[in-house]
Amino acid sequence: MLRPTCWFMIAACVPSLFGCDSVTTEAPRNAVADSTTTGRQQYGGFSFEMPDGWSKVPPDRAKTKAMLLLDGTRWDSAKGMIKVELGSPAFPTAQAMAESFARGADGQVAHDEVDVDGEKGVRVTTASTDLSKPRSMIIVYRDGKSYLIMGGAVEGVDVGGAVERICATWKWST
C-alpha cells in the first residue's frame, strides 16, 4: 500500500487538501483509531453519523477537522481513509474548485448536486485505487469557508457509500 503522504494537489491553486503542502509531509504515524467510535460525532461546527466499520482517529493537521479509517487502527494498515478539511476557498465557487481538482486528478465532476444539510455540495470522483488520492470528494462552500469531504480506499473497497452517509447525516452547528 502506498503511504498517503500527499493525497493530491490541485494545479498550484490548492496546494493543500489532504495533508499535503507544497513540500511533502509525513503521514500521521502515531494516529491510532478509536475502534469503539459509533453514532453521531461532533466536530466543532458540524456533526455526522459514523459510517459502519469506520473508526475515528486524531486529525493529522490543523485544517483536518475529522479523520476516519476503515478496517485498520493505523493509516498504514487501513483499507480506507476519510478526511474533512476546512479552509479558505481557493476558487470563487465550489464548482470551480471541483473542476480544477477533476482536471488535476483525471476525475469527473458529477452533474447532480449533493445536499449537505441544506447546502449545495459538488461531487468529484476519480479512478484512484489506493490511498494516494481521494476517490470520492464533496466540496461545500459555507459562510466563507470551504469544506472538503474526501474519501480514498485500496482497490476493490467502496468508499463512496461512506462519504454519502456522512453527507446524508451531516448537521451544521449553530
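The values are calculated or read from the model by the stated rules, or taken from the named source; none is laboratory data. All values reported here derive from a predicted model rather than from experimental measurement. Because the Cβ atoms are built from the backbone with ideal geometry, glycine has one as well, and the counts that use them run over all protein chains shown.
Any idea which of Asp112, Asp143, Asp76 is out of contact with any Lys or Arg (no Cβ under 8 Å at 6 or more places or on another chain), surrounded by fewer than 23 Cβ atoms within 10 Å (Cβ to Cβ), more than 19 Å from Gln41 (Cβ to Cβ) and not basic (Lys, Arg)? Being out of contact with any Lys or Arg (no Cβ under 8 Å at 6 or more places or on another chain), surrounded by fewer than 23 Cβ atoms within 10 Å (Cβ to Cβ), more than 19 Å from Gln41 (Cβ to Cβ) and not basic (Lys, Arg) holds for just one of Asp112, Asp143, Asp76, which is Asp143.
Scanning segment 55-110 for residues that are acidic (Asp, Glu) and without any contact (Cβ under 8 Å) to a residue 12 or more places away in the chain yields a single hit, Glu99.
A quick yes/no check of all residues on (1) assigned to a helix (DSSP H, G or I); (2) at pLDDT 95 or above; (3) within 14 Å of the chain's Cα centre (by Cα):
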site	(1), (2), (3)
Thr129	no, no, no
Ser132	no, no, yes
Ile139	no, yes, yes
Ser146	no, yes, yes
Ile149	no, yes, yes
Ala162	yes, yes, yes
Cys167	yes, yes, yes
Thr174	no, no, no
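Would you confirm, using the coordinates I've provided, whether Glu113 is acidic (Asp, Glu) and within 17 Å of Asp76 (Cα to Cα)? No: the conditions fail for Glu113. Among the small types (Gly, Ala, Ser), surrounded by fewer than 17 Cβ atoms within 10 Å (Cβ to Cβ) and either at pLDDT below 95 or out of contact with any Leu (no Cβ under 9 Å at 6 or more places or on another chain) (or both), is that true of Ala102? No; evaluated as a whole, the condition is false for this residue.
Kindly indicate whether any position in segment 92-108 is assigned to a strand (DSSP E or B) and out of contact with any Asp or Glu (no Cβ under 7 Å at 6 or more places or on another chain). Working first, answer last.
Step one: filter segment 92-108 for residues assigned to a strand (DSSP E or B), giving 108.
Now narrow it down to the ones that are out of contact with any Asp or Glu (no Cβ under 7 Å at 6 or more places or on another chain): 108.
Yes, some residue in segment 92-108 is assigned to a strand (DSSP E or B) and out of contact with any Asp or Glu (no Cβ under 7 Å at 6 or more places or on another chain).
On the stretch given as segment 53-91, residues that are within 19 Å of Ile138 (Cα to Cα) and assigned to a loop (DSSP other than H, G, I, E, B) total 6. Would you point out the residue of segment 23-73, among those that are aliphatic (A, V, I, L, M) and modelled with pLDDT under 90, that is surrounded by the most Cβ atoms within 10 Å (Cβ to Cβ)? Ranking the qualifying residues of segment 23-73, first place goes to Ala33.
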